[in-house]
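Presented below is the structure to which this report refers.
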Amino acid sequence: MRAPLVNFRRLQVAAPWPLVWTVTFFILLARLVVLVVRAAVAVVRHWRAWPAVALVLLAVDVHRSHGWWPHLLVLIAVAASAGVWWWRSRESFERLIVLRGLSWWRRLWVYRRQWHEVMSLCGLVKKYDGGEKLPELLSVRCTYATDEVVLRMPRGQNPEAYHKAARDLAYSFGTRHCRVFSGRRQAPPTRTGHLAWLLRRVDAIRFRDRPRHVWLVLIRRDPLTRVVKPLPVPARPDFTTLPLGMREDLAMYCLRLLATHVLIGGATRMGKGSVIWSLLRALAAGIRSGLVRVWAIDPKGGMELSIGRPLFSRYVDDDWSRMADMLDDAVARMRARQRVLRGKVRVHTPTVDEPLIVIVIDEIAALLAFLPDSDIRQRITQALGLLLTQGAGLGVLVVAATQDPRKEVVSVRDFFPTRIALGVTERGHVDLLLGDGARDRGALADQIPLSAKGVAYVLLDGQPEPARVRFSYLNDDVIREMAATFPAPPEVQPEPVDTPAPAPAPAPAPVAVKARSNGNGNGRHTYRPTPPKQAAPLLPPSLLHALDLDATPNGGDPR
């Protein structure tokens, strides 16, 4: 007789062995499937290691069969081929062999070996369910000066944590500078040809937005410690990419000047002139052909810009009223273009007949805050406000430099879309120039040493994180040669000629003018004195003597 499944008298359960073996089999099978899937994912993810694994297996098999001689012959052949390759095409050899080998070595020895320790000490490890969630190291790409490290953030983090820990990460990995980027730094390539449609779809997957990826750029060798030599003058200036200097990753820094205004901020002797002259050198060919007209204002009496006088179509450095007249003429030119281009285009295209007008002001604070004549100062402020708010799309651009970017000094600061922060003296000036939070994102302009003149932080198109660049340095001889080689053609409209002012005439007495009546018929009489001329006194001669203390007996108060 078969025993029952449950013995209630002894409280025992007979083991159903077929059921136990069946459940155990399926559990082991599920675990085996999981291991196979994980192995397949690891193989696919590390597909770049397949050739190395195949070569190792082949080398082991050849060694067992023939010993070390085949390996020595292959090594000699590879070394000879590499030498010829380096001799014939050094750039491609370094890009494909040297830099890739360096990337592999630094990934294993510098980053992978101490990744957990550095992430923990920098406070980038998250605690969850009794364990740790670590940022995942995805790839390392080396250039001649930088290491680009791509990582995946654990859940519960955002790029701000890495911006705050940037300096700690830099010194932990043995460098002095670390830039943090929350978006991909390279744009998708432009595809042409028969397979362009397929390659574009592949690029759409490769370059898709990855919000959890962070790019760390560690500056292994700082190339900005050396002075950047003057760059070649482009045969025809491209206003969307004007080469002005070198970035810290050895790429060329190009400024987009079309449809924007540029504000250059920095302490004295920190290289504002390098930015201005580098820009003028990039525009030199257009200046000579008449495609670009540069109007220069130097409130410092010509100490900076007068050396390149032939480059400028119009130039003022010693007369405040002529500076205001120049800006008023720029507003008039802008208004004329508005009437012509209204309803046709949104951005002006420079031509020789309608050139790009670039107004260069060496020290804008002298015009907006420290000008002694309040009337002229108000004219200049109004003209600059109109130019900065309306002139970008009409080809009337303003490039201004200042030492103090505070709003009470440069009241039109917020109207400059493009800004360059050279070395400054205060931490707060960085955010005033580049926007709130720029210093927290890595723009340490207040820490630029005095020896690094021309080094600045700029914002690149499409990236909220600032980049560090160094503008080319042009000495006086180079500026004189450039001005002699690329002189500006004469202006169609000549500059105003100074004429002696007429003798001041007495102002007429105030006349009572009857105001118009409102809708209810309640009119009122107000005094509207005729505005006096600039050189005329504010009071008639009959009243001037009444206010003269010396005209009264004993120097008393006038009655």
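The values are calculated or read from the model by the stated rules, or taken from the named source; none is laboratory data. Please read these numbers as outputs of a predicted model, since none were measured by experiment. Cβ: placed from backbone, ideal geometry, glycine included. Neighbour counts: every protein chain shown. Side chains are part of the model used for accessible areas, which takes the heavy atoms of the whole protein and leaves out ligands, DNA and RNA. Shrake-Rupley method; radii C 1.70, N 1.55, O 1.52, S 1.80 Å.
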Over all viewing directions the Cα convex hull of the range 111-180 casts an average projected area in nm² of 4.7 nm²
Where the Cα atoms of the range 254-408 are projected onto their three principal axes, how long is each span, largest first, in whole Å? 42, 33, 26
With every protein chain kept in place and a 1.4 Å probe, the residues His429, His66, His71 fall, from largest accessible area down, as His66, His71, His429
Full-extension gain in nm, Val60 to Arg427, via 0.36 nm per residue minus C-alpha separation: 126.0 nm
Can you work out the FRET efficiency for the pair Arg342 and Thr260, with r the C-beta to C-beta distance and R0 = 22 Å, to the nearest 0.05? 0.60
Provide the solvent-accessible area of Glu426, counting protein heavy atoms only and rolling a 1.4 Å probe, rounded to the nearest 10 Å². 100 Å²
To the nearest 0.05, what FRET efficiency results for Gln463 and Ala484 with a Förster distance of 41 Å applied to their C-beta separation? 0.60
Accessible surface, 1.4 Å probe, highest first, among residues His194, His63: His194, His63
Give the Cα extents of the range 343-490 along the principal axes, in whole Å, largest first. 45, 39, 38
Starting from the Kirkwood radius over alpha-carbon pairs of the range 73-158, derive D by Stokes-Einstein at 25 °C in a medium of 0.890 mPa s and give it in µm² s⁻¹. 158 µm²/s
Which value, in Å², gives the accessible area per residue of the range 133-282 when a 1.4 Å probe is used on the protein heavy atoms? 50 Å²
Using only Cα atoms, locate the centre of the range 40-58 and the centre of the range 420-496, then give the distance between them in Å, rounded to an integer. 48 Å
HN-Hα J couplings of the range 412-421 from phi, Karplus 6.51/-1.76/1.60, θ = phi - 60°, integer Hz, Gly and Pro as x? 9, 4, 6, 8, 9, x, 10, 9, 10, 10
Leaving out ligands, DNA and RNA but keeping every protein chain, what accessible area does Ser89 have, in Å² rounded to the nearest 10, with a 1.4 Å probe? 40 Å²
At Val409 and Asp440, where each label point lies 7 Å from the Cα along Cα→Cβ, what is the point-to-point distance in nanometres? 2.5 nm
Can you give me the distance in nm between label points at Ala204 and Trp104, each placed 7 Å from the Cα along the Cα-to-Cβ direction? 3.5 nm
With no solvent and one point on each alpha carbon, what is the Debye value of log10 I(q)/I(0) for the range 359-419 at q = 0.24, 0.25 Å⁻¹? -1.05, -1.14
When 1/r is averaged over all different Cα pairs and the result inverted, which Kirkwood radius in Å belongs to the range 171-276? 17.7 Å
Accessible area in the full protein assembly, largest first, 1.4 Å probe, for Ile97, Ile420: Ile97, Ile420
Taking N as the number of residues in the range 187-237, what is its Cα Rg relative to 2.2 N^0.38 Å? 1.90
Find the eigenvalues of the gyration tensor of the Cα atoms of the range 426-495, then list the square roots of 5 times those eigenvalues as equivalent ellipsoid semi-axes, largest first, in whole angstrom. 34, 17, 12
Output ³J(HN,Hα) for the range 375-386: one whole-Hz value per residue in order, computed from phi by the Karplus curve 6.51 cos²θ - 1.76 cosθ + 1.60 with θ = phi - 60°, and x for Gly and Pro. 5, 5, 4, 5, 4, 5, 5, 5, 5, 5, x, 5
A correct Karplus calculation of ³J(HN,Hα) over the range 314-328, with 6.51 cos²θ - 1.76 cosθ + 1.60, θ = phi - 60°, whole Hz and x for Gly and Pro, returns 9, 8, 9, 9, 9, 9, 5, 5, 5, 4, 5, 5, 4, 5, 5
